[in-house]
Structure formats: C-alpha cells, structure tokens
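What follows draws every value from the coordinates through simple rules; no lab data is involved. These numbers were taken from a predicted model, which means no experiment stands behind them. Reconstructed Cβ throughout: ideal geometry from the backbone, glycine too, with neighbour counts over all protein chains shown.
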Amino acid sequence: MGDKIIKFQILADSDGYVTFQCPYCSNTFKLRVDECQEDEVIEFFCPYCGLADEPSSFLNNEIIQLAMDKAENYFIDILNGFSKNLDRSFRGNKMIKVKTNKIPKKGEKEVFEVDSEEVISELKCCSRHIKTTISAKESGLICPYCGVR
C-alpha cells in the first residue's frame, strides 16, 4: 500500500500567524507561518516555560483532531474501495453472496485562526516574530526558535 502523506492546510489569522500549544505548560502562542515552516526549525521552545520539543508536539488539539479525521477518511476510502472490488468479484456467483455497506466518512472541520488580542513581538536573537499576551511580552519571552530569553 505504501506510505501516504496526507496534507492539509490551516488558515492563518489576518497577520499570518497560527496557534501552537506547549505540551508541558499548555499555554498557547502564535508563530508566523513563513517563519515556523523553515527547514532549519527542528525544535520549538515554549516562550513561557522554556521547555523544548519537536514542532509536532506543539500542535494544538484542534489540528491533531483534523489530522486524525483525515487519516481515518483515507483509510475509509481504502476499505470502501476494497468492498466495492469484493462485491464485483463475487457478483453472479451462486455459491457465495457478498453484501457490502459503504462506510460513511467523518466530517472534517476546517481549522482556521481567528484574530485575537495578542500582541506581536520581534525576537531580537533571530529576527523572527511571535504573538503572545501583553503580560507575557512584558514579563519576558523565551524565543521559540533558539531558547534565548
């Protein structure tokens, strides 16, 4: 069957940012799409607690659910195709009767960012940008890309 990469799009907010969530402290922050998709980004640091992990660990529950729904729908397509072929193979056979039902797909809720009250900060260490709450900005942020405060 081979490996299949299922791609989907998350629509950014009006400033071009998408939400991430720290797997350790659960705080959310937004990063610019063009900056967080760069090839050299191999881990993120939480701007609040400073702990690091691979970027996929910072995906929020809404994005994870969409990915799971897309993967399940892909598998359902494979099963429905198999059932259809099985039905055709035994059509007209008087010894074996096959009755197949099509499995319904899951609804895929589109993920899009809404504009919120966060403020944009330019990170001096690596000239990238982040959106956080005003209080987080004032208390000092940790760079999600290099871990510098």
R0 of 41 Å, Cβ-Cβ distance Gln65-Arg88: FRET efficiency to nearest 0.05 | 0.75
Please go through the residue pairs Lys4/Lys106; Lys70/Lys97; Lys70/Lys99 and name each one whose alpha carbons sit more than 23 Å apart in this structure.
-> Lys70/Lys97; Lys70/Lys99
Exposure proxy ranking, count of Cβ atoms within 10 Å, fewest first, for Cys46, Cys146 | Cys146, Cys46
Before rounding to the nearest 500, sum -39500 (n - 2.57) across all DSSP H runs of length at least 4 in the chain and divide by the residue total; then give [θ] at 222 nm in deg cm²/dmol.
-> -8500 deg cm²/dmol
In what sequence do Tyr74, Tyr145, Tyr24, Tyr48 fall when counting other Cβ within 10 Å, fewest first?
-> Tyr74, Tyr24, Tyr48, Tyr145
Compute the acute angle (0 to 90°) between the alpha-carbon long axis of helix 61-90 and the principal axis of greatest extent of the alpha-carbon atoms of the chain; round to the nearest 10°.
-> 10
Per the Kirkwood definition applied to all pairs of different Cα atoms, how many angstroms is the hydrodynamic radius of the chain?
-> 18.2
May I ask which residue of Phe44, Ile78, Met68 lies farthest towards the positive end of the charge dipole of segment 17-139, with charges of +1 (Lys, Arg) and -1 (Asp, Glu) on Cβ and the Cα centre as origin?
-> Ile78
Would you mind working out the magnitude of the charge dipole of the chain relative to its Cα centre, with +1 at each Lys and Arg C-beta and -1 at each Asp and Glu C-beta, to the nearest 20 Debye?
-> 1440
Give me the percent of DSSP beta bridges within the chain that run antiparallel, rounded to the nearest 5.
-> 95
Charge dipole (the chain, unit charges on Cβ, about Cα centre) - positive-most of Gly92, Ile120, Cys25 | Gly92
